[in-house]
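The values are calculated or read from the model by the stated rules, or taken from the named source; none is laboratory data. This is a predicted model, so every value here is computed, not measured. Virtual Cβ from ideal backbone geometry, glycine too; neighbours counted across all protein chains shown. The accessibility values were calculated without ligands, DNA or RNA, using every heavy atom of the protein model including side chains. Shrake-Rupley method; radii C 1.70, N 1.55, O 1.52, S 1.80 Å.
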Amino acid sequence: MTKLLEQLVSKAVDPIHGRIRNAACDMEDINLIIKQTVSDIYSRYLRTRSRGNAELSSTLMDKYLAELREAETIVTEEIQRVYFIFRRRRDIAKIEFPALELIINRELVSRNIPYLFKTQKDENILTVQIVSEYFFDIPITMENVDKATRLMRYFLNRPDCAREEMPEIRRRRDYRLAKSWKEVASSGSL
């Protein structure tokens with residue numbers, strides 16, 4: 001495989017991780033994404049190789065097509081590998097959800113902290129309100145549930161330090177959720 005084709009192959013999968021994740025979490029067929037990616041590689045490679053020449057010799061075209069078939073195999077395997085990683089993460093999140101929900105409910109209700117907990121794509125996300133329209137979204141796993149619930153009051157009192165303790169915490173601003181927080185939040189006193 002040529003350097004140009006290696007570059008195209010290496011750059012092909014990274015930008016579509018979001019599409020692959022969506023397909024894996026929604027149980028969609030991955031073949032359409034594979035076909036589109038391979039087609040894109042074919043057209044970019046042949047466009048670069050032809051450089052405006054209308055016709056390429058048949059031997060040269062056969063060489064390019066052989067390289068592209070090799071690249072197609074590599075891209076297909078890589079997309080399928082990423083797809084099954086996301087599928088496995090989604091399955092693990094769904095399996096862990098009931099146990100995590102019990103732990104979070106027990107810990108946060110006893111501390112009077114209202115929360116939302118749900119599975120989003122391939123993660124179990126705990127959402128807590130910091131203040132007004134600001135929220136923390138914390139990806140929860142069996143490995144970090146104790147740390148997250150134990151430090152929750154600290155996170156809410158010192159939101160600026162929360163990322164130091166748990167780098168996976170995401171802060172977001174959501175006006176719609178802020179308006180309905182009292183109705184949708186689970187337990188805790190408001």
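Listed values, structure above:
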item: Long-range amide H partners of GLU123 with built H, under 5 Å; result: none
item: Linear extension gain, LEU156 paired with LYS179, 0.36 nm per residue minus alpha-carbon span; result: 6.4 nm
item: Nonlocal amide H pairs with TYR115, under 5 Å, H built at 1.01 Å; result: SER186
item: Carbon/sulfur fraction of accessible area - region 42-190, other protein chains in place, 1.4 Å, %; result: 49 percent
item: DSSP H segments from the chain that extend 15 Å or more along their own axis, Cα-based, with Kyte-Doolittle mean of 0.0 or above; result: 3-13
item: Alpha-carbon Rg/Rh ratio, for the chain, with Rh computed the Kirkwood way; result: 1.19
item: Extension reserve of the VAL109-THR2 stretch, reckoned as 0.36 nm per residue once the Cα distance is removed; result: 32.6 nm
item: Region 72-129, Cα convex hull volume normalised per residue, Å³; result: 69 Å³
item: Length-normalised contact order of the chain in % [C-alpha pairs under 8 Å, at least 6 apart]; result: 21 percent
item: Hypothetical label at ALA99: residues of region 117-156 whose amide nitrogen lies under 11 Å (7 Å Cα-Cβ projection); result: 142-143
item: Using θ = phi - 60° and Karplus 6.51 cos²θ - 1.76 cosθ + 1.60, couplings along region 118-130 (whole Hz; Gly, Pro as x); result: 7, 8, 10, 6, 10, 9, 9, 10, 9, 10, 10, 8, 7
item: Nearest-0.05 FRET efficiency for ARG19 and ILE92, computed from C-beta distance (R0 22 Å); result: 0.55
item: Length added when fully stretched, GLU55-LYS147, from 0.36 nm per residue minus Cα-Cα; result: 26.7 nm
item: From phi via Karplus (6.51, -1.76, 1.60), per-residue ³J(HN,Hα) for region 155-166 in Hz, x at Gly/Pro; result: 4, 6, 7, 10, x, 5, 9, 4, 5, 5, 6, 9
item: Calculated P(r) tail over 20 Å for region 91-190, as whole % of Cα pairs; result: 32 percent
